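One structure below.
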Amino acid sequence: MSDPREPLRLSADRDRCVGAGMCALTAPGVFDQDDDEGLVVVLDAAPAAEHRAAARMAVGLCPAGAVALTSAEGTGA
Amino acid sequence: MPHDPTTAGTLSDGTAETTAETTTETTITTAAEELPTLPTDRRTGCPFDPPAELTALSDEPLRRLRYVDGHTGRLVTGHAAARAVLSDPRFSARYEHLHLPMPLAGLEGVTEMSPAPVGDFLGLDAPEHTRFRRLLTGKFTVRRMRQLAERVEQFTGECLDAMEQAGPTVDLVEAFARPIPALMICELLGVPYTDRDRFQEHVATLFDQAADVAAKGEAFEAVGRLMAELVAAKRAAPTDDLLSDLTTSDLTEEELIGVGGVLLAAGLDTTANMLGLGTFALLQNPGQLAALRADPGLAEQTVEELLRYLSVADPILRSALEDVEIEGQLIKAGETVTVSVQAANRDPRKFPGPDRLDIHRKATGHLAFGHGAHQCLGQQLARVEMTVAFPALLARFPTLRLAVPPHEVPLRDRANIYGVVSLPVTWDKE
């Protein structure tokens, strides 16, 4: 589950997003905010191993539950 | 009818200015007398710790609490329970649903609070809250705020220059903690330099623990008047700032004035308290201060730890719109829940050794900015301001120390946002 070598797949729900910026702060390069509304943008839905811990942390920190880990399938890493 | 005009004494989105109920809901309060009330007295212990009596209540993460009007609601002191409540849309932030866990500073007679004034989106739920928030989040992104770092550095340098000129003894609140966030929020909003003192004076009254209801009402109206003038000016001649941008949104004139007032107040009275109290905390923890001075690269995590350790915006209030089960307990519709941010941020299950200030700790996940849809809108600005300002202060004054014994530092122990009233500091002149 939290094995950093395991591939992961990220998704974001911009309707739920409240633009707090925790994802972009915690995992830059994986998440960003658009300049207009400040809502989540997934830059890398299948981040390489070295970014996975930060990406997981960002998912846990999101105040709105707007970013999620989905299945590990299809990740290229 | 509720009669309090000052609910716009609100803070960053996510730190509830409290209100009381106007609903007809009646709660049976058997044995309510035996229930604890919210402990707020910090006078006996370390100035950075939550009240000892609150810590004593933190053995249970969620417990019953007696409110000012006799209502039986809840107190959340556990980190997990706090997150659960704050992120659950079945808990409302609308002021008119809330009961007060403690008398409001300066408004001791007030037990019933009015709904949010127009534009005060902190006291709204989705979808009304979402409408306001969406207009603003694009202005406070991580990227935009980081672009302001250079400006923060420049202005911090000016404040430090002025301190050197005035020293070697100054009030750090006056010279440093207050002006830096004030300048930044004024520049963001587009408040001209000449209006800043006028705004600052009225906002100070709004948050002044000694000011009475009448004074606060006047200050609230004065901020509204100044903001109305400013909005009219931006409409006539737009400039490159947030208020000008908002004149082209779908906000009504009244909403725009209200939003402007909330943002200004939030910008003036939140980070300033973190800078003042945070410096006090560092000075009282010389090992931590030395570590930060030696390695300014620790600034970002120091800021997170200070946010956790000090939790100046506290508590956050919510009201259950329906029956909700949290950690196996049923919270009934209509119950007010007081989320004690300072207690949750000292939850040993989340932060081992929570009463220790430890800048090497990963304090990420603290709830100092709240959690859920109302999590502080200005948090990335606050982070940039603090990350720049603390190391700059320490670098400029290697011998910085308190100019009075620590117990003589006056504390805002009854204010909505905790902090120091003033912080006399001194240093060795070269």
All helices (runs of 4 or more DSSP H) inside segment B:180-292 with 2 or more residues being basic (Lys, Arg) and closer than 30 Å to B:Thr111 by Cα:
B:213-236
Scanning segment A:8-59 for residues that are among the small types (Gly, Ala, Ser), more than 7 Å from chain B (Cβ to nearest Cβ) and either under 18 Å from B:Gln379 (Cα atoms) or in a loop (DSSP other than H, G, I, E, B) (or both) gives A:Ala27, A:Gly29, A:Ala45, A:Ala46, A:Ala48, A:Ala58
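Within segment B:372-430, restricting attention to residues that are farther than 25 Å from B:Arg83 by Cα and of a type in the set (Lys, Arg), which residue is farthest from the chain's Cα centre (by Cα)?
Initial filter on segment B:372-430 (farther than 25 Å from B:Arg83 by Cα): B:385, B:387-414, B:420-430.
Restricting the remaining residues to those that are of a type in the set (Lys, Arg) gives B:396, B:401, B:412, B:414, B:429.
Numbers: B:Arg396: 28, B:Arg401: 26, B:Arg412: 13, B:Arg414: 13, B:Lys429: 35 Å.
Filtering first and then ranking leaves B:Lys429.
For every residue, the table says whether it meets (1) under 15 Å from B:Ala382 (Cβ atoms); (2) touching a His at 6+ places or on another chain (Cβ under 7 Å); (3) of a type outside the set (D, E, K, R).
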site: B:Gln284; (1), (2), (3): no, no, yes
site: B:Glu305; (1), (2), (3): yes, no, no
site: B:Val312; (1), (2), (3): yes, no, yes
site: B:Ile316; (1), (2), (3): no, no, yes
site: B:Ala320; (1), (2), (3): no, no, yes
Loosely packed, with under 14 Cβ neighbours inside 10 Å, within 19 Å of B:Arg143 (Cα to Cα) and touching a helix residue (DSSP H, G or I) at 6+ places or on another chain (Cβ under 8 Å), is that true of A:Asp35?
yes
Tabulated pairs, segment B:111-139, first at the interface with chain A (Cβ under 10 Å from one of its Cβ atoms) and without any contact (Cβ under 8 Å) to a residue 12 or more places away in the chain, second outside any loop (DSSP other than H, G, I, E, B) and surrounded by fewer than 22 Cβ atoms within 10 Å (Cβ to Cβ), C-beta under 9 angstrom, 6+ apart or interchain:
B:Gly138/B:Arg144
Have a look at B:Leu317, B:Leu394 and point out the one that is at pLDDT 95 or above and part of a helix (DSSP H, G or I).
B:Leu394
Please tell me if B:Leu381 is within 12 Å of chain A (Cβ to nearest Cβ), crowded, with 21+ Cβ neighbours inside 10 Å, within 18 Å of B:Asp314 (Cα to Cα) and not acidic (Asp, Glu).
no
If the Cβ limit is 6 Å and pairs must be 6+ apart or interchain, which residue in segment B:44-67 that is without any contact (Cβ under 8 Å) to a residue 60 or more places away in the chain and surrounded by 17 or more Cβ atoms within 10 Å (Cβ to Cβ) pairs with which residue that is of a type in the set (A, V, I, L, M) and assigned to a loop (DSSP other than H, G, I, E, B)?
B:Arg64/B:Leu35; B:Arg66/B:Leu35
Among B:Ala320, B:Ala389, which is the only one that is away from every other protein chain (no Cβ under 14 Å), among the aliphatic types (A, V, I, L, M), in contact (Cβ under 8 Å) with a residue 60 or more places away in the chain and surrounded by 24 or more Cβ atoms within 10 Å (Cβ to Cβ)?
B:Ala389
Residues being within 18 Å of B:Arg383 (Cα to Cα) and not in a loop (DSSP other than H, G, I, E, B) - total across segment B:113-157
19
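The values are calculated or read from the model by the stated rules, or taken from the named source; none is laboratory data. None of these values were measured; they are calculated from a predicted model. Methodologically, a virtual Cβ is constructed for each residue, glycine included, from the backbone with ideal geometry; neighbour enumeration extends over all protein chains shown.
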